[in-house]
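S.K.: Handing you a structure now.
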């Protein structure tokens, strides 16, 4: 019973104290790409640990190899079957949440993209750019495998000079090239898979902030930090559709402060973060694989 207890404890740590501690740290913002990988590793490790705990507990409750096969009249076998069924339910819920988020998000984006194509004016400045005749400052992108859109409003154009507009467009194009929306979809699916009373906003909010920092870094290299910082301030508080990724949607103060600092090399921090992500995945992966391998070997033999 050591393995299921260990995995259950690991799952609790990876869904509670570990994300809370990481969210309070400032160093991940220095290496947003590595930090995204670390958050993904934490999420995947938590899921593997939870599933592994159920599988290992069911395997332990089923008895030793060589004993009679499943007996419905045996309380021990019924407990093992119940644990395995609950584990399968968790997996089904995760798969359902992933499908629900993917289908719903794409439907909302297509609907919004169709509206934009009807209401907005095409602009040849960059591919897929649409300009809305709206006084409210808006700047966001609608990712897609085909037909992605970058949307700005007349209100945003009135507030931004040429260099600031170029920085905003570079930011949105960075989102589209890197498909940051897929990163957010994964975290959204994991968030929705848990019941409301136990789910946490931490991982999803951190993922949203980190993908904005990644797009900021790309725009900074192309347009410079000052125009982008000025644009973020000018667009602060601007609304954005649920289906889009907006330039000034979150963590504006943090991002402006980060742009005001010189861009330093953080190779060692990035390397340590990638190493930490790999280490987080090792224990649950090995311990999940162990009972499965034993079960297969026993079944074959």
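S.K.: For 111, 180, what's the fewest-to-most ordering of other Cβ within 10 Å of each Cβ?
M.R.: 111, 180
S.K.: What order do you get for 117-127, 46-56 when each peptide is scored by the mean count of other beta carbon atoms within 10 Å, highest first?
M.R.: 46-56, 117-127
S.K.: Further question: Taking only Cα atoms, what is the 0 to 90° angle, nearest 10, from helix 32-61's long axis to the longest principal axis of the chain?
M.R.: Around 20 degrees separate the two axes.
S.K.: By how many degrees, between 0 and 90 and to the nearest 10, does the Cα long axis of helix 162-178 differ from the longest principal axis of the chain?
M.R.: That works out to roughly 20 degrees.
S.K.: What share of the DSSP beta bridges in the stretch 109-263 is antiparallel, in percent to the nearest 5?
M.R.: 70
S.K.: Any idea what angle helix 225-235 forms with the longest principal axis of the chain, computed on alpha-carbon atoms, 0 to 90 degrees, nearest 10?
M.R.: With both axes taken from Cα atoms, the answer is about 90 degrees.
S.K.: As a test of the formula, what do you get for the chain when each DSSP H run with n ≥ 4 contributes -39,500 (n - 2.57) and the sum is divided by the residue count, at 222 nm and rounded to the nearest 500 deg cm²/dmol?
M.R.: -23500 deg cm²/dmol
S.K.: If you wrap a convex hull around the C-alpha atoms of the stretch 109-263 and split its volume per residue, what is the figure in Å³?
M.R.: For the stretch 109-263, the hull spanned by Cα atoms encloses 114 Å³ per residue.
S.K.: May I pose another question? Once the chain is represented by equal point scatterers at the alpha-carbon sites, with solvent omitted, what log10 I(q)/I(0) does the Debye formula produce at q = 0.06, 0.09, 0.10 Å⁻¹?
M.R.: -0.27, -0.55, -0.65
Where a number appears in this text, it was derived from the coordinates with a stated rule and is not lab data. All figures in this text were calculated on a predicted structure; none of them were measured in a lab. Backbone-built Cβ (ideal geometry, glycine too); neighbour counts: all protein chains shown.
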